[in-house]
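To start, the structure under review is shown below, and the notes come after it.
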Amino acid sequence: MVEEKKYEIGINVRTVYLDDQSDEEANRHVFAYTITIANTGSVAAQLISRHWIINNGDGTVQEVRGLGVVGEQPLLKPGDSFEYTSGTVISTPVGSMKGSYQMAAEDGCHFDVEIPEFILSAPRTLH
């Protein structure tokens with residue numbers, strides 16, 4: 001018998017380069033990312049905080065921590081999902097982001113959900 005995972009959160013990420021807000025000559029590259037967080041487990045859980053590690057293509061690393069996402073701390077019941085769009089600015093046309101969400105389950109358990117690394121790439125920079 002396979003035991004169902006109580007704390008199971010799925011993450012899906014889509015990125016977009018915002019050409020109209022970017023300025024290549026000023027080393028300003030703006031990206032939007034849309035993240036869907038889905039509770040595929042069996043216990044409701046609330047997103048409490050986030051931790052991002054943002055890597056520029058030149059090796060510069062920026063860490064960002066904060067409460068919730070886009071001003072919200074969504075409660076995800078089993079089967080629920082929450083989608084939000086945010087953004088970041090990096091100084092190179094290619095970079096990456098990864099991180100984690102800190103969750104509090106309805107049963108009092110706290111756990112982290114890994115946000116897998118995703119690439120930020122301006123058009124015409126990755127072949």
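The values are calculated or read from the model by the stated rules, or taken from the named source; none is laboratory data. All values derive from a computational prediction rather than experimental measurement. All Cβ positions, glycine included, derive from the backbone under ideal geometry; neighbour counts span all protein chains shown.
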Q.
So, in segment 1-50, how many residues would count as being closer than 16 Å to Tyr84 by Cβ and without any contact (Cβ under 8 Å) to a residue 24 or more places away in the chain?
A. 2
Q | Unmet criterion (only one of (1) modelled with pLDDT under 95; (2) of a type in the set (A, V, I, L, M); (3) within 24 Å of Leu120 (Cα to Cα)) for Met1 | A | (3)
Q: Name, by its number, the condition in (1) in a loop (DSSP other than H, G, I, E, B); (2) modelled with pLDDT of 95 or more; (3) under 21 Å from Val16 (Cα atoms); (4) aliphatic (A, V, I, L, M) that does not hold for Leu126.
A: (2)
Q | Subset of segment 65-76 (residues that are in a loop (DSSP other than H, G, I, E, B) and either in contact (Cβ under 8 Å) with a residue 12 or more places away in the chain or under 13 Å from Ala38 (Cα atoms) (or both)) | A | Gly68, Val70, Gln73, Pro74
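Here is a yes/no grid of residues against (1) within 22 Å of Ser42 (Cα to Cα); (2) within 16 Å of the chain's Cα centre (by Cα); (3) in a strand (DSSP E or B):
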{"residue": "Gly59", "(1), (2), (3)": "no, no, no"}
{"residue": "Pro78", "(1), (2), (3)": "yes, no, no"}
{"residue": "Glu83", "(1), (2), (3)": "yes, yes, yes"}
{"residue": "Ser86", "(1), (2), (3)": "no, yes, yes"}
{"residue": "Ser96", "(1), (2), (3)": "no, yes, yes"}
{"residue": "Gly99", "(1), (2), (3)": "no, yes, yes"}
{"residue": "Gln102", "(1), (2), (3)": "yes, yes, yes"}
{"residue": "Asp112", "(1), (2), (3)": "yes, yes, yes"}
